[in-house]
Amino acid sequence: MKDRFHAPGDFAQAYVIAHEIGHHIQNLQGISDKVQHARQSARNEAESNAYSVRLELQADCYAGVWAMHADGENRILEAGDVEEAMTAAAAIGDDALQKQAQGYAVPDSFTHGTSRQRMHWFNQGLNTGDIKKCDTFNVASI
């Protein structure tokens with residue numbers, strides 16, 4: 001994270017791990033299967049990718065929920081930790097990665113969301129601590 005994405009810090013790594021655990025929760029809830037089915041039924045690649053983006057942003061929100069509860073129970077957050085997570089989220093947004101790789105972004109090809117979206121949904125989970133507030137599939141705008 002530090003060298004490739006310029007996102008140093010232990011909490012940047014914790015955010016990424018929590019995001020991946022969020023995917024495990026999505027698997028347990030059956031959300032991943034529903035998204036896979038929706039992607040296969042999509043009319044085009046852009047629509048298919050949009051489902052992936054919502055899945056990824058939900059995992060970011062779940063990571064925020066974890067951070068809020070872990071801090072509340074164990075006081076794990078230190079000064080700068082949330083900023084580390086935000087730096088990581090910004091660095092791994094599709095727009096940032098594509099601009100870094102090719103100099104421009106192609107929104108229809110996004111599969112994980114923009115930097116701004118990733119930061120927003122992590123904060124949504126962090127600020128609410130409520131997994132029910134992570135429903136990226138039933139909001140008009142992500």
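Just so it is clear, none of the values below were taken in a lab; they were calculated from the coordinates. Computed from a prediction, not measured in an experiment: that's the story for all the values here. Virtual Cβ from ideal backbone geometry, glycine too; neighbours counted across all protein chains shown.
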| field | For the range 1-79, alpha-carbon Rg and Dmax in angstrom | value | 15.2, 46
| Cα Rg, Dmax, the chain, angstrom units | 14.9, 46
| From the residues 120, 66, 35, which one has its Cα farthest along the dipole of the range 8-134 in the positive direction, the dipole being from +1 and -1 charges on Cβ of Lys/Arg and Asp/Glu about the Cα centre? | 35
| task | Can you figure out the FRET efficiency of residue 41 with residue 83, using R₀ = 25 Å and their beta-carbon distance, to the nearest 0.05? | result | 0.05
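Among the GluC sites (Glu not before Pro) within the range 62-107, which fall in a DSSP loop and have no more than 15 other Cβ atoms within 10 Å of their own Cβ? Intermediate values should be presented prior to the final figure.
Details: sites: 73, 78, 83, 84; in loops: 78.
Counting only loop positions with at most 15 other Cβ atoms within 10 Å, the GluC sites (Glu not before Pro) in the range 62-107 are 78.
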| message | Can you return the lysines within cross-link range of residue 133? Criterion is Cα-Cα under 29 Å, with same-chain partners fewer than 8 residues away left out. | response | 34
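Output the relative contact order of the range 8-134, whole-number percent, from Cα pairs under 8 angstrom with separation of 6+ residues.
Details: 184 pairs, mean separation 43.4, N = 127.
Normalised by residue count, the contact order of the range 8-134 is 34 percent.
Run lengths n ≥ 4 of DSSP H only: what is the helix-derived mean residue ellipticity at 222 nm for the chain, with -39500 (n - 2.57) per run over all residues, to the nearest 500?
Values: 7 runs with 99 residues, N = 142.
Only helices count here, giving -22500 deg cm²/dmol.
For a protection proxy built on the mean count of beta-carbon atoms within 10 angstrom, sort 37-49, 92-104, 117-129 highest first, please. Provide the component values of the computation, followed by the final result.
On the way: 37-49: 12.8, 92-104: 14.9, 117-129: 21.0.
By packing density, highest mean first, the sequence is 117-129, 92-104, 37-49.
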| Residues of the range 117-135 with amide N under 15 Å of a point placed 7 Å along Cα→Cβ from residue 34 | 131-135
| field | Residues 76, 31, sorted so that the one with the fewest Cβ neighbours within 10 Å comes first | value | 76, 31
| query | Can you list the residues of the range 34-51 with backbone N under 14 Å from a point 7 Å past the Cα of residue 102, pointing along Cα to Cβ? | reply | 46
